[in-house]
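Colleague: For reference, the structure I am asking about is given below.
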Amino acid sequence: MRTPWILLACLALTPLAAGCGSLSADACEKYCDCTNCNDREYDECIVEADAAEETASIYGCDLEYEDLTICVIDEYRCTGGVYGPDPADLLACVSDVNDLGQCRDRGSRL
């Protein structure tokens, strides 16, 4: 069963543009190293990251998205094959998640 932290990790990990040295690639590599992704799962991670980045950009939230992605790369850990916040700091990146959500809310016309 997947936890909300895994979903958060996927969304934040799968962020920016694909390719060598990109935040998306860095995030997906870290996630896949932990969860033992196969090639298809890694490619899906990159596709989801690109979509998440594009969505953030549409709402004018590029900086907030980048901050969240960097936080996840820096603060999340692999614990027993589960990629998520360090057990010693379960609130890591929560403020970045909130900042991105608030930015998207401000950018929404719905």
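The values are calculated or read from the model by the stated rules, or taken from the named source; none is laboratory data. Note that the coordinates shown come from a computational prediction; the quantities given were computed from them, not determined experimentally. Because the Cβ atoms are built from the backbone with ideal geometry, glycine has one as well, and the counts that use them run over all protein chains shown.
Colleague: Cβ contacts < 7 Å: first residue more than 20 Å from ALA27 (Cα to Cα), restricted to segment 85-110; second residue assigned to a helix (DSSP H, G or I) and at pLDDT 95 or above, any location; separation 6+ or different chain. Result?
Modeller: If the second residue must be assigned to a helix (DSSP H, G or I) and at pLDDT 95 or above, the pairs left are CYS103/GLU64.
Colleague: I need a count of the residues in segment 27-40 that are without any contact (Cβ under 8 Å) to a residue 40 or more places away in the chain and surrounded by 14 or more Cβ atoms within 10 Å (Cβ to Cβ).
Modeller: Of all residues in segment 27-40, those without any contact (Cβ under 8 Å) to a residue 40 or more places away in the chain come to 28-29, 32, 37-40.
If we keep only those that are surrounded by 14 or more Cβ atoms within 10 Å (Cβ to Cβ) too, we end up with 28-29, 32, 37.
Of the residues in that region, 4 qualify.
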